[in-house]
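Below you'll find the structure, written out as structure tokens, and then a few comments.
The values are calculated or read from the model by the stated rules, or taken from the named source; none is laboratory data. Since this is a predicted model, take the numbers as computed values, not measurements. Using ideal geometry, Cβ is built from the backbone for each residue, glycine included, and neighbour counts are taken over all protein chains shown. Calculation scope for accessible area: heavy atoms of the full protein, side chains included, ligands and nucleic acids excluded. Shrake-Rupley method; radii C 1.70, N 1.55, O 1.52, S 1.80 Å.
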Amino acid sequence: MTRLRVAVLASGRGSNLGALIEARARGALAVDFVLVASDRASATALDRARDAGIPTIALDPKAYADRPAYDRALFDEIAKVQPGLIVCAGYMRLISADAVGAWLGRMINIHPSLLPAYPGLHTHARALADGAPEHGVSVHFVTADLDAGPVIAQARLAVESVDTPERLAQRLLPLEHRLMVATVALFAAGRLALAGRGVSLDGALLPRPLDLNSKGTLE
Ligand code: GRF
């Protein structure tokens, strides 16, 4: 069986990319990483990719006239490696509608909130300010609307009275990593698809996003 070819977009630290690389290395993720692309040449994610022998590119947005021009250049590079899945893992730029449209159903993003709550930035601080009893992380298909594509899977935790935005982010990170790996594994097994405004698993529309259980699997 041919393995899923995965390209990853990342702007910074790259710990989610690291989790994917580590899962593949221990045999828990049957994919091939064909490219890691970034809008920041100094992103640690690129170092992680190089260390793992994955090809990288960094394109500087300032070298392009506008967002569509940048995205055309970036996604042309991505198309050359023929990925079956593009994973946005801490990619901090908006993606233009044309690029999103070309990869609809083949591009996912991880977002640190229980979507549809708290799209956009500063999710942990906003959840705390609202007194939210729980918080979490979501993986969703990327559509033209920011952080609003159909949610595939989520991991959640109870907010504690001593949580700060930093503490919440730190507690959530291991869950993010497990959620990312479990979701990509499910996609790689050919079991997930975008179905209109929803998500299908094994051909059946999901009534709600999958949940990460304590064993690190999705149910
Ligand atoms: C994660 O919190 C992710 O959910 C968000 O950006 C952060 C990236 O972390 N979109 P890393 O670069 O994977 O360490």
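Considering only beta bridges that DSSP places wholly inside the chain, some 50 percent are antiparallel.
Could you give the length gained by full extension between Arg26 and Arg50, i.e. 0.36 nm per residue of separation minus their alpha carbon distance, to one decimal place? Length gained, Arg26 through Arg50: 6.8 nm. Using a Förster distance of 22 angstrom, determine the FRET efficiency expected from the C-beta separation of Glu219 and Ala189, and round it to 0.05. The formula returns an efficiency of 0.90 here. Of Ser42, Ser96, Ser214, the residue with the largest accessible area leads and the full order is Ser214, Ser42, Ser96 (1.4 Å probe). The accessible surface of region 4-211, taken with every protein chain in place and a 1.4 Å probe, is 53 percent carbon and sulfur.
Over the chain, average the accessible area per residue using a 1.4 Å probe and give it in Å², no decimals.
Details: 10530 Å² over 219 residues.
Counting only protein heavy atoms, the per-residue value for the chain is 48 Å².
Rounded, prolate or oblate: which fits region 41-198 when a ≥ b ≥ c are the square roots of the eigenvalues of the alpha-carbon gyration tensor, with rounded for a/c under 1.5 and prolate only if a/b beats b/c? Since a/c reaches 1.5 and a/b is larger than b/c, the shape of region 41-198 is classed as prolate.
Placing a label point 7 Å from the Cα of Arg171 along the Cα-to-Cβ direction, the residues of region 93-117 whose backbone N falls under 17 Å of that point are 112-114. Taking a point 7 Å from the Cα of Ala158 along the Cα-to-Cβ direction, the residues of region 183-219 with backbone N closer than 16 Å to it are 214. Counting only heavy atoms of the protein chains and using a 1.4 Å probe, Leu146 has close to 100 Å² of accessible surface.
In the chain, the DSSP-assigned H stretches of four residues or longer account for a calculated mean residue ellipticity at 222 nm of -10000 deg cm²/dmol, using -39500 (n - 2.57) per stretch and the full residue count as denominator.
Counting only heavy atoms of the protein chains and using a 1.4 Å probe, Leu157 has close to 20 Å² of accessible surface. Subtracting the Cα-Cα distance of Arg72 and Ser42 from 0.36 nm times their residue separation leaves 8.6 nm of extension gain. Measuring with a 1.4 angstrom probe and ignoring ligands and nucleic acids, Arg26 comes out at about 150 Å² accessible. A simple spin-label model places the labels of Ser11 and Arg93 1.0 nm from each other, with each point 7 Å out along Cα-to-Cβ. Which whole-number percent gives the relative contact order of the chain, counting Cα pairs below 8 Å spaced six or more residues apart? 18 percent.
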